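Here is the structure we will look at, set down as structure tokens.
No value in this document is a laboratory result; all are computed from the given coordinates. Not measured: the values here are computed from a predicted model. Neighbour counts run over all protein chains shown; Cβ positions are idealised from the backbone, glycine included.
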Amino acid sequence: MSTILPILALLIFPGGLFLMASGLVYEYVDRKLVARYQNRIGPRWFQPLADVVKLLAKEEIIPHGVQPELFTLLPVVGLAGALTAALYVPLFGFESAYAFKGDLIVTLYLLSMMTLCLGLAGSNTLDRFSLIGATRTLTQLFSYEAPFLLALLGPALAAQSWQINEINSFSQAHMPMLVTQVIGFIVSMVGLMGKLELPPFDAPEAETEIVSGALTEYSGRGLALFRIGKNVEMVIALSLVSSFYLGGLAFPFPGMSPVLAGILNVLIFLAKTMGLLLFMAGLQSLFARLRIDQTVGLWWRIGALLALLNLLLVIVLKSLGVGGYWL
Amino acid sequence: METKKVGDKFVVPIGPQHPALKEPGHFEFTVDGENVTGATIRLGFVHRGIEKMAEKRNYTQNLYLMERVCGICSHVHGLAFALGAEKLAGVTVPPRAQAIRTIIAELERIHSHMLWLGVAAHEGGFDTLFMYSWRDRETVMDLLETLSGNRVHYSANVLGGVKFDISDKQRDEILKGLDFLEERNHYYLKVVTTDNTFLGRTRNIGTMSHEQADILGAVGPTARGSGVQRDVRVNAPYIAYPDFPIKMVTEEGGDLLARTKVRIIELFESFRIIREILDHMPPGDLTVRMGRRIPEGETISRVEAPRGELIYHIISNGTEFPERVKVRTPSLCNWSSISSVAVDHKLADMPMLLVGIDPCFSCNDRMITVKRENSSDEMSWDDIRKIGIEYYK
Amino acid sequence: MKIGSMLGDIATSLFRKPVTENYPFEKKVAPEALRGKLYYDPSKCTGCMLCIKDCPANAIELITVDKAAKRFVMKYHMDKCTFCDQCTINCRFKCLGLSNEEWELASLESEPMTVYYGRDEDIQFLLDKAAQPDAEPKVPCD
């Protein structure tokens, strides 16, 4: 019995299938919000589910000139990386499943594995659009990775730890770092949009220039797995940023009955991540698409500098002995 | 699909099927990383043989055929044809009909420029501006539907005048709609000229100097964005423009931002002209009697379509059927401005450049033959097939 | 350095009803001038055929049942018609008109696309004649 429960937790709830289903819910909310910002109706609640079911039911066409094993394996590896990263993040009001010192770095690199798989998938073909899309994906990976990591490092420095659940407990006990590290929050939000390839940073997937970027040649199951992987990534990254900057998730609530504490935690999780999604959808609708060279220039000049400034502030304040509730 | 390499560079095809293009056309850009080093253009995918069909239909049927050359500038095509036929027949159209034709032409210009704004925003990834400008464009489409009965292909012209009148209730509706559109377009002008992300996609992209625009023969807002003063409504006024003159709108920048500004500021001119005509509407008949047979002769009529100068050359042989109708559309003149300017831009700028000249592929396609020394004028069906097969090898 | 210039619009759109019209369930009232399906009144027709001469799509045919008594049947091909209104302009006796209420003309079969107008007995007479074995051979559509 004790071996079945972890397996169920891993595959069904709250990992695995439940995580993929919640990815679909988050995709629906994102699309609906962007539509409402643009004064139109938007899809119905089962649209992302219908998309995935349709794609899974279609034939997967393997184009001429690719390596078939790599072609079919890459979506699976990308999705697996995204799902594994869920083990270390406090999701859905639960504490993270496993934790060890330094798991922040491991989580971030597992999330980047998805982008790497996209880049490899694009380079694998002979199609010119995919090659250009893959180049842009990898260029964007190199440019946003450093500022995003630095922005997530701010709370890590304040909590004096590289372990996600320790940083989470630190955020619960102190003032939300949204207020104390505003610059870091903004950089991490923008970095989040770069990681998920959302507009205005969707140059790797620009529909009007290179059809669909690295995913042009994918169809059927491979495309469905990539889409699910992207949605899972969105859920995980949102919970990561909200647990760092928005005051923590999975509160212990000592003295309250476990059921009540559980329900409260779920509500807090939903409120924080959906609030972040509202903000992110607004940012998505406000800007035109940036060219890839403009993205790189923006990130390496402004993004990295701002993140470094944020780190400097945290270090200076910490060394000055500011503590207590604030830091 | 083989990776086509020309020398050491990469060739990226845009079209004939591509999400960037609303209509089929084939562009091949030779790129080196992200930088474009060469561009070629191939058109001809939407050729329908309209000029040949025009010889088998009488002049009234041709009015409707010519309207369907293009969906966005349909009224000016019918207008140019009607003007040509009326000139050959030697009739003068009553002033009220001229005024109504002008109002419909200006309303069409409004709808075309707002459509262009949305499409340009979409190519630049700015979907919000796309959705909002198309939402506001519905106002002018509804106005045209109230006046003429159809949202596209208004069929307002008959040989000798117009089909319908503008009642007082319709007049009030037009004025109310124009007020709403004017306020929204002031807002869009502000967005387009101040939003840094959109400026990053349009400023200093596709810069064409005054001399280049002159030599390459650009027309319409593409030329006016480089300071060239070409506008048929001012240079050779037709219908009601002699009585209600238009002020030409030019910009000096020559880049995509200048062309955008020209189009939006032209909208304000259109609003002003429509209000002025509605205020001073000349009374009178709507049509003048015209015979079914147009006398022999040939004539050229020029009008200003939303994209530039549109020329119709009609040769008549005295019967009900025209001998030859030749259409020269404005988009045809603007293509060379892309291929000469595309080098040294990034690949991501290519869709923006393409949309900057406001291409209308349906207007473009026609067959041009180059006469060589010893070739005959006639080609049999087998000859044409052979040429087609050879071309695609 | 100004970004996010459409912020006012998108913030208010969250609280406004979407502008999309829920088409089959809510329909806007069509304007009076709308050019919909063609209607023909056989009682005023003289059989001059001016409408057919200028139709750009050859969408109407006038079949003479009895010329002296002015009995005609009009065969209207709704799928060929471009709703241009030229026939209405040409008719001097106001027999034709384009409706502004019937404009949802799509159908899954081609039967409803050919409409006969005329007196009922005339239409019946024509249909019977076409159904007889020694009827004239049908001209294939080009």
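Candidate membrane-span-like segments in chain A, meaning DSSP H helices with Cα atoms spread over at least 18 Å of their own axis and a Kyte-Doolittle mean of -1.0 or above, are A:16-37, A:68-85, A:103-123, A:128-159, A:182-195, A:220-245, A:258-286, A:304-319, with no membrane implied.
List the aspartates and glutamates whose Cα sits under 17 Å from the Cα of A:Lys101, skipping any in the same chain fewer than 8 residues away. Counting by Cα, and skipping residues close in sequence, A:Lys101 has these aspartates and glutamates nearby: A:Glu166. In the protein assembly as shown, a dipole from Cβ-located charges (positive for Lys and Arg, negative for Asp and Glu) runs towards its positive end, and of C:Val73, B:Val31, A:Leu290 it is A:Leu290 whose Cα lies farthest in that direction. Label reach from B:His47 (point 7 Å along Cα→C-beta): in the stretch B:328-347, amide nitrogens under 16 Å belong to B:328-329, B:332. Rounded to the nearest 20, the size of the Cβ-charge dipole of the stretch B:1-145 about its Cα centre is 600 debye, with Lys and Arg at +1 and Asp and Glu at -1. Here r is the Cβ-Cβ distance between B:Thr194 and C:Lys75 and R0 is 60 Å; the resulting FRET efficiency, rounded to 0.05, is 0.50.
In plain terms, the residue of B:Glu211, B:Glu309, B:Glu123, B:Glu276 with the fewest other Cβ atoms within 10 Å comes first and the most crowded comes last, giving B:Glu211, B:Glu276, B:Glu309, B:Glu123. Packing around the peptides A:109-115, C:31-37, B:177-183, taken as the average count of other Cβ atoms within 10 Å per residue, puts them in this order, highest first: A:109-115, C:31-37, B:177-183.
Rounded to the nearest 20 debye, the dipole magnitude of the stretch A:18-319 is 600 debye, with +1 charges on Lys and Arg beta carbons, -1 on Asp and Glu beta carbons, and the Cα centre as origin. Shown here: the stretch B:61-179, whose C-alpha atoms stretch 51, 32, 18 Å along the first, second and third principal axes, sorted largest to smallest. Put a plus charge on the Cβ of each Lys and Arg, a minus charge on the Cβ of each Asp and Glu, and nothing anywhere else: the dipole of the stretch B:50-330 about its Cα centre is then about 540 debye. Using Stokes-Einstein with the Kirkwood hydrodynamic radius over Cα pairs, what translational diffusion coefficient do you get for chain A at 20 °C and a viscosity of 1.002 mPa s, in µm²/s rounded to a whole number? The diffusion coefficient I find is 104 µm²/s.
Percent antiparallel among DSSP beta bridges with both residues in the protein assembly as shown, to the nearest 5? Spell out each step's value before the answer.
Numbers: 46 of 46 bridges.
Counting DSSP beta bridges with both partners in the protein assembly as shown, the antiparallel share is about 100 percent.
Annotation: amide H-H contacts under 5 Å for B:Asp32 (H modelled 1.01 Å from N, sequence separation of 5 or more, or interchain): B:Thr37. I need the calculated FRET efficiency for the pair A:Arg301 and C:Tyr39, taking r as the beta carbon distance and R₀ as 56 Å, to the nearest 0.05. About 0.20, to the nearest 0.05.
Have a look at C:Cys45, C:Leu126, C:Pro56 and report the one farthest towards the positive end of the charge dipole of the stretch C:36-131, computed about the Cα centre with Cβ charges (Lys/Arg +1, Asp/Glu -1). Of the candidates, C:Cys45 comes out farthest on the positive side. Candidates A:Tyr245, B:Cys70, A:Leu120 compared by Cα position along the dipole of the protein assembly as shown: farthest toward the positive end lies A:Tyr245, with charges placed on Cβ.
Once the piece of chain linking A:Leu264 and A:Ala173 is laid out straight, how much longer is it, given 0.36 nm per residue of separation minus the C-alpha distance between them?
Numbers: separation 91, 0.36 × 91 = 32.76 nm, distance 1.71 nm.
Value of the extension gain: 31.0 nm.
Subtracting the Cα-Cα distance of C:Asn22 and C:Lys2 from their residue separation scaled by 0.36 nm leaves 3.6 nm.
With helices defined as uninterrupted DSSP H runs, which ones in chain B have an alpha carbon span along their own long axis of at least 27 Å and mean Kyte-Doolittle hydropathy of at least -1.0? Provide the component values of the computation, followed by the final result.
Details: long enough: B:95-123 (42 Å, 0.10); B:127-148 (31 Å, -0.29); B:168-194 (39 Å, -0.94); B:256-279 (35 Å, 0.50).
Flagged H segments are B:95-123, B:127-148, B:168-194, B:256-279.
Shown here for the stretch C:36-142: chymotrypsin sites (Phe, Trp or Tyr not before Pro) in loop regions (DSSP other than H, G, I, E, B) with at most 10 other Cβ atoms within 10 Å, of which there are none.
For the listed residue pairs B:Lys52/B:Lys163; B:Lys56/B:Lys326; B:Lys52/C:Lys53, the alpha carbons are over 18 angstrom apart in B:Lys52/B:Lys163; B:Lys52/C:Lys53. Taking the fewest neighbouring Cβ atoms within 10 Å as the starting point, the ordered list for A:Trp300, B:Trp381, B:Trp335 is B:Trp381, A:Trp300, B:Trp335. For the stretch C:36-131, the square roots a ≥ b ≥ c of the C-alpha gyration tensor eigenvalues yield an a/c of 1.5 or more together with a/b not exceeding b/c, which makes the shape oblate. Give me the Debye-computed log₁₀ of I(q)/I(0) at q = 0.05, 0.06, 0.08 Å⁻¹ for the protein assembly as shown, equal point scatterers on Cα only, no solvent, two decimals. Those come out to -0.37, -0.53, -0.86, one per q.
Taking R0 as 41 Å, what FRET efficiency do you get between C:Asp66 and B:Lys169 from their Cβ-Cβ distance, rounded to the nearest 0.05? Display every interim value, and only then the final one.
Working: r = 44 Å, r/R0 = 1.08.
For R0 = 41 Å, the calculated efficiency reads 0.40.
Neighbour counts of other C-beta atoms within 10 Å: give me A:Ser169, B:Ser148 arranged from fewest to most.
Details: A:Ser169 20, B:Ser148 24.
In order of increasing Cβ crowding within 10 Å: A:Ser169, B:Ser148.
Is there a pair in A:Lys32/C:Lys17; A:Lys32/A:Lys230; C:Lys37/C:Lys70 whose C-alpha atoms are over 19 Å apart, and which pairs would that be? Pairs exceeding the cut-off: C:Lys37/C:Lys70. Using just its DSSP H runs of length 4 or more, each adding -39500 (n - 2.57), the protein assembly as shown gives a mean residue ellipticity at 222 nm of -16000 deg cm²/dmol after division by all residues.
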